[in-house]
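The values are calculated or read from the model by the stated rules, or taken from the named source; none is laboratory data. It should be emphasised that the depicted structure is a prediction, and the values quoted were computed from it without experimental measurement. So basically every Cβ, Gly included, is an ideal-geometry build from the backbone, and we count neighbours across all protein chains shown.
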Amino acid sequence: MVRGYSQRLTPPYSGLVQIAESDSARAVTMDGSRWEFHFLFDIPEHQKTPGRQNQRRFKRVAAIDSDQIQRMATQSPSETAAVDQRIIELAAFIATSSFPFPSADRYEYWLLDPADDSPLALIVSCVDGEQMADFPDRAEWTALSAAAMRVARTPEEEKSGEPPVNYRVERMVAERAGPRPRGQWFTRSENENEAFPPLLLKEDWEDPVQFALCQRYIHRQSTRLLMLHGLQRDDRKRLEDAARQNVFEVERFYPFYPEVADTQVMNAILVEARLRRDPSQ
């Protein structure tokens with residue numbers, strides 16, 4: 001039996017990965033254009049952690065484009081005889097699935113705000129409670145790097161040689177967490193959102209400069225934050241507005257947006273991406 005679910009890619013948060021998983025294999029993708037296939041293997045005895053159950057690990061065995069997966073799902077057994085049955089099973093599931101898959105990573109490790117011990121920034125999340133032991137209890141939040149997500153600098157920042165916004169946001173979060181930062185695991189139930197920052201980082205910065213930096217980081221990450229499940233309409237709407245600045249990223253991740261707040265805005269973004277890629281259309 002194959003199940004489909006999505007999971008936030010952390011740390012740092014960079015989007016949601018879609019996962020189709022059977023008892024012996026899985027296929028994962030970030031944007032649907034290409035799927036990586038992994039087979040499940042037993043961990044050697046000398047590498048096992050005492051007291052842990054079901055100690056196995058996935059190993060990458062193939063990467064297949066979505067078009068090829070669609071063809072594979074419709075081919076006869078004789079045409080796919082050379083392909084491992086585990087891949088065939090997952091390909092058939094993917095080819096007939098609706099996306100995005102439901103979010104399943106309800107175990108969350110948050111950096112805490114020392115002012116009131118409330119969640120300040122999401123560090124990591126996982127699907128299985130046993131996986132919590134795989135992550136170090138180090139209460140340190142990292143921003144998505146400038147190499148992976150460039151945040152435009154102002155002329156003044158360019159002139160003065162300011163570090164990237166990503167790094168500055170990371171430092172101000174660390175400063176807010178204090179000299180002895182603490183983290184805590186939470187098990188989230190569905191629709192339990194009130195105590196947690198919806199965009200995975202607190203936005204209530206009193207200092208105007210810090211508030212502006214936080215907003216610039218979130219706005220730049222909007223194309224990836226729109227992949228989150230359970231956002232309020234107002235939050236989704238402001239992310240869609242911010243995402244206008246990065247139409248190609250929206251085009252890439254759009255198939256995995258669980259909702260759209262403003263269809264007109266989203267359609268305009270997708271049309272602009274298509275026209276900029278091929279002006280002859």
Item checked: Residues of segment 218-235 that turn out to be part of a helix (DSSP H, G or I) and over 20 Å from Ala104 (Cα atoms), as a count -> 8
Notebook entry, point to check: Which condition number does Arg182 fail, the rest of (1) closer than 24 Å to Gln7 by Cβ; (2) out of contact with any helix residue (DSSP H, G or I) (no Cβ under 8 Å at 6 or more places or on another chain); (3) among the basic types (Lys, Arg) being met?
Noted result: (1)
Next item on the list: Filter segment 42-61 down to residues that are at pLDDT 70 or above and under 25 Å from the mean Cα position of the chain (by Cα) and give me whichever is surrounded by the most Cβ atoms within 10 Å (Cβ to Cβ).
Entry: Phe58
Checklist line | Filter result for the condition that a residue is of a type in the set (S, T, N, Q) and without any contact (Cβ under 8 Å) to a residue 24 or more places away in the chain, over Ser98, Ser118 | finding: Ser98
Next item on the list: Take segment 11-32 and flag every residue that is of a type in the set (S, T, N, Q) and modelled with pLDDT of 95 or more.
Entry: Ser14, Gln18, Ser22, Thr29
Checklist line | Subset of segment 128-159 (residues that are under 30 Å from Phe248 (Cβ atoms) and at pLDDT below 95) | finding: Ala152, Arg153, Thr154, Pro155, Glu156, Glu157, Glu158, Lys159
Notebook entry, point to check: What tally of residues in segment 3-22 results from selecting those that are part of a strand (DSSP E or B) and out of contact with any Leu (no Cβ under 6 Å at 6 or more places or on another chain)?
Noted result: 8
Check: Do we find that Arg276 is part of a helix (DSSP H, G or I), basic (Lys, Arg), surrounded by 15 or more Cβ atoms within 10 Å (Cβ to Cβ) and on the phi < 0 side of the Ramachandran plot in this structure?
Finding: no
Notebook entry, point to check: In the set Glu251, Glu206, Glu272, which member is out of contact with any Gly (no Cβ under 9 Å at 6 or more places or on another chain), within 18 Å of Ala148 (Cα to Cα), among the acidic types (Asp, Glu) and not assigned by TED's automatic domain parsing to the domain that holds Ala147?
Noted result: Glu251
Notebook entry, point to check: Taking segment 187-216 as the region of interest, how many residues are at pLDDT 95 or above, out of contact with any Cys (no Cβ under 9 Å at 6 or more places or on another chain), surrounded by 10 or more Cβ atoms within 10 Å (Cβ to Cβ) and outside any loop (DSSP other than H, G, I, E, B)?
Noted result: 8
Next item on the list: Could you tell me whether segment 81-100 includes any residue that is farther than 23 Å from Ala25 by Cα, surrounded by fewer than 13 Cβ atoms within 10 Å (Cβ to Cβ) and not basic (Lys, Arg)?
Entry: no
